[in-house]
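Note sheet for the following structure.
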Amino acid sequence: MKVLLSIKPEYAELIFSGKKKYEFRRAIFKKPGISKVVIYASSPVSKVIGEFEIDDILSLDIGELWHITMEHAGIDKEFYDRYFSGKEVGHAIKVKKTKKYPKHKDLREFNVKCAPQSFAYI
């Protein structure tokens, strides 16, 4: 099974370049068996641009999560702290193998009507 994640274009590009090996989330999907993430690059791209296989999902105390992921976070500590403000536990999806689509795709191709706020099962 796959999930569709909305990711800012600059962070999506860092994932495909290999500089960002963790995608952080305040909430994580509940369904078991999610093996791939399909990336919807938010505005101004507003298209599905690729996907990646999930290596692991870390769900840890915010401080411990940063300590483990900081080298390949693709974001700085200040942004990380703002993103997880008010949360005790954070989630990091570890990127395994990426695949950038040669041509961007519309959400309709995935039977999705509008961009997910966080994620959508597909």
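The values are calculated or read from the model by the stated rules, or taken from the named source; none is laboratory data. Predicted model, so just to flag it, every value in this text is computed and none were measured. Please note: Cβ atoms are built from the backbone with ideal geometry, for glycine as well, and neighbour counts cover all protein chains shown.
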Subject >> Residues located in the stretch 42-64, provided they are touching a residue at least 40 places away in the same chain (Cβ under 8 Å) and in contact with a His (Cβ under 8 Å, 6 or more places away or on another chain) >> reply: Val45, Lys47, Val48, Ile49
Original post:
Being part of a loop (DSSP other than H, G, I, E, B), surrounded by 16 or more Cβ atoms within 10 Å (Cβ to Cβ) and in contact with a helix residue (DSSP H, G or I) (Cβ under 6 Å, 6 or more places away or on another chain), is that true of even one residue in the stretch 32-44?
Top reply: no
Subject >> Unique match (being touching a residue at least 24 places away in the same chain (Cβ under 8 Å), farther than 15 Å from Ala12 by Cβ and surrounded by 10 or more Cβ atoms within 10 Å (Cβ to Cβ)) among Ala120, Ala73 >> reply: Ala120
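What residue, of Ser6, Ser59, is more than 17 Å from Pro116 (Cβ to Cβ), at pLDDT 95 or above and of a type in the set (S, T, N, Q)? Please lay out each step first, then the result.
On the way: Ser6 fails: more than 17 Å from Pro116 (Cβ to Cβ).
Matching residue, one of Ser6, Ser59: Ser59.
Among the residues of the stretch 60-78, is any among the hydroxyl-bearing types (Ser, Thr, Tyr) and either closer than 13 Å to Leu4 by Cβ or out of contact with any Phe, Trp or Tyr (no Cβ under 8 Å at 6 or more places or on another chain) (or both)? Spell out the reasoning first.
Within the stretch 60-78, the subset among the hydroxyl-bearing types (Ser, Thr, Tyr) is 69.
Add one more test, that the residue is either closer than 13 Å to Leu4 by Cβ or out of contact with any Phe, Trp or Tyr (no Cβ under 8 Å at 6 or more places or on another chain) (or both), and what stays is none.
No, every residue in the stretch 60-78 fails to be among the hydroxyl-bearing types (Ser, Thr, Tyr) and either closer than 13 Å to Leu4 by Cβ or out of contact with any Phe, Trp or Tyr (no Cβ under 8 Å at 6 or more places or on another chain) (or both).
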